[in-house]
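J.: Sharing a structure with you now.
Here, each number is a calculation from the coordinates, and none is a lab measurement. Please read all numbers here as calculations on a predicted model, not as lab measurements. Positions of Cβ are backbone-derived with ideal geometry, glycine not excepted, and every protein chain shown enters the neighbour counts.
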Amino acid sequence: MKNGLVNTLNRQDASDALLDLGETLLDSQFDDGLLKDIPILGTLVKLKDFGLSISDYMLVKKLQKFVFALNQVPENERDNFFIKLESDNTYKSKVNDNLVLLINASDDIDKPEMLGKVFAKYVIGCLDYEKFMQFSTSVNGLNANQFKLLKLQEKAHTCKEVGHTLASYGLVNIVIPAMYGSSVPDYYLNESGAEFLKVLFGKEIALE
């Protein structure tokens, strides 16, 4: 639905609406709400048997995670953002479509909540649209092990397991050691990279 996601996000009961949608998608396929009695593996089998798209259901679950993070934004600030968004249908459509693409593309159930944190900062004006998109695509480009390493990071110097990926999103500076014959680069968070970690994990990293 055109602009459907951003309209839903502006509802006070957005989380409940998405939860109801998820349950409806599943419970409509069963008699007497049997979903609650079916183990997760059995649920997946039943989804296939009854022709219900697992990807559709997982999108709803991702949206729930996303909205949970967005709900941390004060209601008045959220309202102000969506009022402004309503004034430009082209821009609203762009935001809506990119949100759907970003959330649907997430390949880990924890990523939508991270995307929600990034979007929340955009809503309250801490990030502009370009930075919102940069951070969101970075979230989708990293894997679970890389996030684990970033959570442990305390300095600007970034391990190579993460640095190479962050470099592709413009979040680190690449330094080639002056040592003769060395070609293995070092990676150091730049301002955007430090802000990225602050948005996701609340970390304050001093730049070198």
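J.: Just list whichever of Lys121/Lys160; Lys62/Lys117; Lys84/Lys111; Lys62/Lys151 have alpha carbons separated by over 24 Å in the model shown.
T.: Checking Cα-Cα distances, Lys121/Lys160; Lys84/Lys111 exceed 24 Å.
J.: Could I ask something else about it? Whose amide H sits under 5 Å from the amide H of Leu189, counting only residues 5 or more places off or on another chain, with H placed in the peptide plane?
T.: His157, Thr158, Asn173
J.: Continuing with this model, one more query. With label points built 7 Å along Cα→Cβ from the Cα atoms of Lys61 and Asn143, find their separation and express it in nm.
T.: 2.1 nm
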